[in-house]
Structures are given as structure tokens and as C-alpha cells.
Ligand code: SF4
């Protein structure tokens, strides 16, 4: 039930209602923020806060980590090894601001370092029922735990630092039901690319998505994190999955998770959060998981995707803005209508980012790379230093290096390239990241978004390849 109204409620409504401090006009509300994450980009917010003579109201409800500007090579030297003075300055400034504010901080050489949306869940900071913010679009990732998590701008980061609350307009509710069983070689990345291809890159604008259905329930936390991560690429304010035993098993024993009797109390609350059976959604979409194939994007937004078995779309089949959009994307991507997407030559492969750099992602990529040789340059950047260590303990690093795939350190890396990990101008990548916008991985570069298994398949064949064939050959 929805606590304030005793009406049947959705997961989102229950969290929203539990966090309202003051109701404003037109559905706006002042909300309490449980957890805020910070990375190097927070310097604007800290600068404004310090100029105005304010302090951080609740330092223990923030966590800072260096991820966007950390190099993925030469990390043994710590911050001294960052050769670019501007990048080094931003990494040092985050540490200085965190120290000033009394906020816990994982710097470049901290054993907990990693991408902000990877380490939040990993440390148990991300928990069901929370409202979570970060000055970063892909904060939606944390919704996989049944949290309302969303990206905010610099002025809102400042507001959260200073007051631990934030005015928000209530979004509409969209439930996406993914029912059925995913075929081998098809995973969370394929599900979310298929969702965005179906509803469009603006298809969830103004909504918070709840992902439901038997395929979501069967997913690991890693796969749910991948799905929620890309909610923003459909225009959604956030994405969420109701917490269940999979969620609780992942969280139990993590450093910041509740302990002893606090765990039992938290569990009782978390179990109450699932949407009531008769809760109402503004929209519903249903997708047959069993019909999905490995996906790949062909265009310049994440909604321009298709199964690996598909052909490049023909703008002549569309009209108006849609036609012009396809024409522009094909021109940028250098593709011809009607040609099969499978077999398209690729220059470079990137396996990493907050979408697909968790241990399960690395295992999936390694399963394809094992015993094969990369035909094109490729590298792996694990989502966090603990994931790197775990993968090394499992021997995954050796699988990659024996295949000729570089094994690097953790950070945002070639997802956005702010640390200098960029494609050469004009190069075409198969990438496990979340954005294929023009120039996202460097000037004039062309990005095809794929799953970790599909990225590894591209690395060992030098072209976009249906990974199901390689997996079948390995059995
Ligand atoms: S990995 Fe990419 S999308 Fe994720 S936080 Fe870093 S830059 Fe943003």
C-alpha cells in the first residue's frame, strides 16, 4: 500500500511518498536524499558551496570517487603518474574537496576505486527504498536495487550537499514487462537495447520505468544494473527493479549494508516496497524475452539498434523527421541501407563502462575470447579495482591477454574518453558502453553499442559477429 494514501502503490510511489518533506504546487515536492555520489565533475558544486561560505550538511550521506579522469595505464604510480596536469588537478581537487567536507573518498589508488555507478552497489551504499543522486546521467543504474536514483545538474549537487534535500517534479510511471526466457548469448545489454529500439530514444521521457516480468526476475544484479543504467537513453528520469531475494543476497555482508538487527529491520522494509498487484501505471509495454537476439546499434543514438541478424534500415521506408534522422545517422556512420549489419569491419573494441564492466560481464567476454586471438586492437577496463582483483583471481586477465586483448585498470575510460582513452579520428568501435552519439569516443568516431560477449566476438573476428555462432562452436 501507498503509505500516505492507503491506495495501492507502485514501487516508485512508495519511495517518493516516504521521502516527501514538503509538498509544493503542481506535483513538485521537496524530497530527502539518502545518498549522493560525487566524482571529479563535482568541482563546480563544491566551488559554489565554498564561495558562498556554506558547509556540507550530512557528509556521511555522500561518497566521492575518482573515475572520469583516471588513466587506465600506468596506475602503479598513483596520482603522480597522471601526466596531464589538468586531469591530475581534477583528481586532486576532488580529494581536496572531500577532505574539506569530511566526505569519504576513494582516490585513484584506493583499493575501492572504480566507476561511481559500479562501486556504489559494490560497497553496499546503494540500497532498496533510497533516493540517490549524483551529478551524472547514468545514476539511473542504482535503480536496479529498487531505489529512485537520478542524475542532477551542478546546482542541484550543490543543493544536496548543502541541505540533503531537493525539489523534484513527480514523473509518470511506465512499466516495461519482459517476460519469457532469454536465449543463450542474449543478456541484459541486449534487453535494454531492444527496449530502446522499440520505444525510441525519447520513448520514456517524463517517466520513471519499472522493469518487471519473469526475465527481469531471473536476472542477476549485474544484468539488472545494465538494464537500469541505460534507462536514461530512453529519456526516462530513472529505471527501477523491485528488490527481491537476488537483491538481498547481493547486498548482504557488503561494507555499508546494514548489519545484525538493522539488517532484519531493513529487510522487512525492503520486502514491502514491491508494487502492489493492483497498482496503476500510466503506460505499460510488454516485450517477449524469448524472441530477442544479440543487439547492435547502427546509428547515432541508442534507439537506433537492431538484432545482429538485421539489415541497415532504409530511410525511404520512413518520412519527415524520421527519414532525415536515419539519413543523417547513416551518413555519419558510413553505412548503406539494406546491407546486413553482421560482417561490418570494426577497428577497435572497448569492454568497460558503468554499463558493462562488472564481473559477470568480464566472464561473458572471456568465455568468447578463451582460446581465440584478437584480430583488432581491444582492451578491457574493469568497473572497479575490486572487480579487477576478482577477475585476476579467476584467471580472466590471462584469458584476455593470451587472446591479445589488453588488460587495464578501472575507470570511465573510452566510454567518454575524458582520461584520454579515445579512438583515432574516423575509427569504428564495438563498445560495451551506453552512448553512440557523434564523437562520443573521439572526433569523427563511429560507435556500435553491443554486449560484452558481442564485443569479444568482434575482437576475435575483426567484424560485427553473431556471438551465438562462436558460443555454439565452443561447446
Ligand atoms: S562510464 Fe561512461 S556513462 Fe558511466 S559514469 Fe563514466 S562516463 Fe558516465
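The values are calculated or read from the model by the stated rules, or taken from the named source; none is laboratory data. Source: prediction; values computed, not measured. For neighbour counting, all protein chains shown are included, and Cβ atoms are generated from backbone atoms with ideal geometry for every residue, glycine included.
Just to verify a result, which residue in region 392-408, among those that are closer than 13 Å to residue 350 by Cα and touching a residue at least 40 places away in the same chain (Cβ under 8 Å), is nearest to the ligand (Cβ to nearest atom)?
408
Hey, can you tell me all the residues within region 409-431 that are within 10 Å of the ligand (Cβ to nearest atom), closer than 19 Å to residue 460 by Cβ and either touching a helix residue (DSSP H, G or I) at 6+ places or on another chain (Cβ under 8 Å) or part of a loop (DSSP other than H, G, I, E, B) (or both)?
none
When residues of region 276-312 are filtered for being assigned to a helix (DSSP H, G or I) and in contact with a helix residue (DSSP H, G or I) (Cβ under 8 Å, 6 or more places away or on another chain), how many remain?
Going through region 276-312 one residue at a time, the tally reaches 1.
Looking at region 2-54 only, could you name the residues that are at positive phi and within 29 Å of the chain's Cα centre (by Cα)?
Passing the criteria: only 27.
Give region 42-51 a look and list any residue that's in contact with a helix residue (DSSP H, G or I) (Cβ under 8 Å, 6 or more places away or on another chain) and surrounded by fewer than 22 Cβ atoms within 10 Å (Cβ to Cβ), or say none.
Matches in region 42-51: 43, 44, 48, 49, 50.
Only one of these is at pLDDT 95 or above, on the phi > 0 side of the Ramachandran plot and either touching a strand residue (DSSP E or B) at 6+ places or on another chain (Cβ under 7 Å) or not in a strand (DSSP E or B) (or both): 120, 129. Name it.
Just a single option satisfies the conditions, and that option is 129.
In contact with a helix residue (DSSP H, G or I) (Cβ under 9 Å, 6 or more places away or on another chain), surrounded by fewer than 15 Cβ atoms within 10 Å (Cβ to Cβ) and under 25 Å from residue 276 (Cβ atoms): does that describe residue 7?
So residue 7 passes the test.
Would you point out the residue of region 132-154, among those that are more than 16 Å from the ligand (Cβ to nearest atom) and not in a loop (DSSP other than H, G, I, E, B), that is farthest from residue 354 (Cα to Cα)? Spell out how you get there, then give the answer.
Of region 132-154, the ones more than 16 Å from the ligand (Cβ to nearest atom) are 145-148.
The next check asks that each one be not in a loop (DSSP other than H, G, I, E, B); those that pass are 145, 148.
Details: 145: 15, 148: 18 Å.
Of everything passing the filter in region 132-154, 148 is farthest from residue 354 (Cα to Cα).
Taking residue 348 as the residue in question, decide whether it is under 26 Å from the mean Cα position of the chain (by Cα) and away from the ligand (no atom under 16 Å from the Cβ).
Against the criterion (under 26 Å from the mean Cα position of the chain (by Cα) and away from the ligand (no atom under 16 Å from the Cβ)), residue 348 qualifies.
Only one of 107, 78, 27 is in contact with a helix residue (DSSP H, G or I) (Cβ under 9 Å, 6 or more places away or on another chain), more than 19 Å from residue 127 (Cβ to Cβ) and away from the ligand (no atom under 16 Å from the Cβ); which?
The conditions single out 107.
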